[in-house]
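Worksheet: one structure, shown below.
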């Protein structure tokens, strides 16, 4: 008979398991103190030796101000009552008042915060005004006023406790209101709330299922921290004589007031014990609240990496499928040995030795996380020579960014790094922060992925460039400013003398990235590490930034390590390519050789998954089908601020989408394409113009009038993780449209959910899982299943694959194409990726600055564009073929050099 091993962790609360070291000690100490006082409060009549007002027992008077003894452990008060009994009964009073005050505060403040934050308008403004007025009032003084008004001379225990609780409640309601309102303002902008609106979910259900469920996690923290404040407020009321009637209940604050004259007479026990009780219960509640605040804050927790377990499993399964049955891995290794005839330490096949500017040898990185140790990089080796561009490519979780950050010592303290990273002859790994500081920015610099977060919003861009110059050079402020202007001119910033004083928010995305590059080259570094430098940029801006990096390489002889997942960018820039998979290098080769004849199966699969503009065999026209979506002369304006004119996001746009047709709506950021999609499904009201879906006008209707028509259209959002409510299971997410729009029974809904999951190739077993347990591709399949749950006539897909890796994107696009052919829904496919549109669309519409500049059949718009803007867009798209990309670069000439 086998014995079953019982894991103690199953019986330990999750919040305790998530704590560590001193944090866990503080949490357990806090729980212990709070639990002790709750126990004392519950069993006070049995624990206290006497009643709290008793001054005699069996006819024997206790005596006043008697010191601690065997009969009276804590002594007696000036009124002759037992101090221990009053402390015990005082705990009961404190716990009752605290629980009542915290519960009442939550019951009033939370609903007000939810409604105010979600609905906005005049109600929100009025409530904010009232709550701010209450919050600005001194809390103890406000509690005294409310206590006088509420108590009304009541002398009973119940009335006194209720009056005290209400007086404290008035103080706490504004705190609950403000926290919940601010959280609601943030959550209501999440895509999963928009997804609920699209299918017609009513406001009460949205507030309950989508808003409250995601903001309620902060309530335990607020409650415990408010509890400690409530204790002090109650003690203050009692001390000042505004608390509960002394004959009705024991109160620590009242006892402290009566003990005040005793302190000068050496009678310490009448005040010390009530005071210690107050300190201990406040300490316990504070420790619990602060510990919960740290433990539940995701920014302070060590996670197991950027990818979920499902992402890892999906990638591993894909890798096994790719490599199984393939023996063609000659010259390919996982841990840095020579690959594809290219040596790793600067030595070419012909034996010619190169001088490496940066050389990594057996670099390994391991993270200590809540789930144990995670190996992010497994002994990789490669180098980069002066004037060379080495691209490090791979999908999310491959370790490419981690390895680059390890070089500059930018990893968190939970990382353990081993191996070697040499800059010339100097070893960088193991250097102290003080020794690395002169190297960072001076000899090795970094261009970060997102320029908006890489720049400090409270300082001008010139100040930030000057800061780096003065950190490494002895230079006057005047000379540093002149150098900053020179650098901005070097990176192609328009009007550098004026824009040197601009703040980051005053610049476009491309201009901000130019500033980041200017900071990176300020000290003429030997090596630039560019971590996804163009991911957040439009294709035309991306092309200009790539031109800039190449020109810097040519002029300064800088070695560039380019980290990217965009194989078109690699074909455009790289001299050599390093392919990574799950922390290992699987292939290295010169760029042209790798694209022409990849050796490793994973590399071949990665390249096969990349859509190639101009080589896709997309669908033809469906002019004979009925029109499903008709947009006529649509205008959408957003009101300006501080007297500025309204901003016109969509400017007189007209288009049609037919049954079984995919219309690709393309354009750069800010072109208005997403606004068109959101207006189509009623998430944004038009300023003028009309929208018809299946012959029914949907524009200009109220939410109530539009609700019956919402079954006609579905919406797939850009970020699959953000479009699914993290508090709802996959089955609940897919079933919500069915609950709202149909009269189906629960059994019928469950069967429909399983059928939908099967149709997107997931299976019914996924219904019980939650979004965080799925990979990005699986989450997007769930979003597609939810959008198709009501068999819509129209599907709006807003950048549905932009957040996915290329191999996952390929599978999702395959599935989308199969479903669209089978179900024949009309689709408005919004994207900035022209290659993806080339694979799917029957027709293409191009938007710029809110206007429709060109529209027609896919092969004409993308193959023979008529408008200059369309030609610029197509010319800016890098293709995954070095030879073809070189021809495209030569043909486009200086077409894109003025883009910023």
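The values are calculated or read from the model by the stated rules, or taken from the named source; none is laboratory data. Owing to the predicted nature of the structure, the values given are computational and were not obtained by experimental measurement. No Cβ is skipped: glycine too gets one built from the backbone with ideal geometry, and neighbour counts run over all protein chains shown.
Tabulated data for the structure shown
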read-out	value
Matching residues, segment 705-727, being out of contact with any strand residue (DSSP E or B) (no Cβ under 9 Å at 6 or more places or on another chain) and under 16 Å from residue 188 (Cα atoms)	719, 721, 722, 724, 725, 726, 727
Boolean, residue 853 is more than 24 Å from residue 785 (Cα to Cα), buried (at least 23 other Cβ atoms within 10 Å of the Cβ) and modelled with pLDDT of 90 or more	no
Segment 54-80, residues that are closer than 26 Å to residue 33 by Cα and either under 60 Å from the mean Cα position of the chain (by Cα) or in a strand (DSSP E or B) (or both)	68, 72, 73, 74, 75, 76, 77
Meets criteria (in contact with a helix residue (DSSP H, G or I) (Cβ under 6 Å, 6 or more places away or on another chain), assigned by TED's automatic domain parsing to the domain that holds residue 793 and either without any contact (Cβ under 8 Å) to a residue 40 or more places away in the chain or under 15 Å from residue 795 (Cβ atoms) (or both)) for residue 714	yes
Residue tally, condition on the phi < 0 side of the Ramachandran plot and touching a helix residue (DSSP H, G or I) at 6+ places or on another chain (Cβ under 6 Å), over segment 681-697	7
Which listed residue is in contact with a strand residue (DSSP E or B) (Cβ under 6 Å, 6 or more places away or on another chain) and surrounded by fewer than 21 Cβ atoms within 10 Å (Cβ to Cβ), from 434, 419, 409	419
Residues located in segment 584-601, provided they are in contact with a strand residue (DSSP E or B) (Cβ under 7 Å, 6 or more places away or on another chain) and assigned to a helix (DSSP H, G or I)	591, 594
Segments classed as helices (runs of 4 or more DSSP H), wholly inside segment 797-900, with at least 2 members that are over 26 Å from residue 778 (Cβ atoms) and in contact (Cβ under 8 Å) with a residue 12 or more places away in the chain	858-863, 868-876, 882-892
Residue in segment 26-37 that is out of contact with any helix residue (DSSP H, G or I) (no Cβ under 9 Å at 6 or more places or on another chain) and in the same structural domain as residue 269 (by TED's automatic domain parsing) present	no
Given (1) surrounded by fewer than 18 Cβ atoms within 10 Å (Cβ to Cβ); (2) assigned to a loop (DSSP other than H, G, I, E, B); (3) touching a residue at least 24 places away in the same chain (Cβ under 8 Å), number of the condition residue 692 does not satisfy	(2)
Residue check, residue 588 touching a helix residue (DSSP H, G or I) at 6+ places or on another chain (Cβ under 9 Å) and over 26 Å from residue 807 (Cβ atoms)	no
Candidates 439, 465, filtered to the one that is at pLDDT 85 or above, buried (at least 20 other Cβ atoms within 10 Å of the Cβ) and assigned by TED's automatic domain parsing to the domain that holds residue 497	465
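Quick grid of which residues meet (1) surrounded by fewer than 24 Cβ atoms within 10 Å (Cβ to Cβ); (2) farther than 25 Å from residue 870 by Cα:
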{"residue": "530", "(1), (2)": "no, yes"}
{"residue": "542", "(1), (2)": "no, no"}
{"residue": "567", "(1), (2)": "no, no"}
{"residue": "580", "(1), (2)": "no, yes"}
{"residue": "583", "(1), (2)": "no, yes"}
{"residue": "586", "(1), (2)": "no, yes"}
{"residue": "591", "(1), (2)": "yes, yes"}
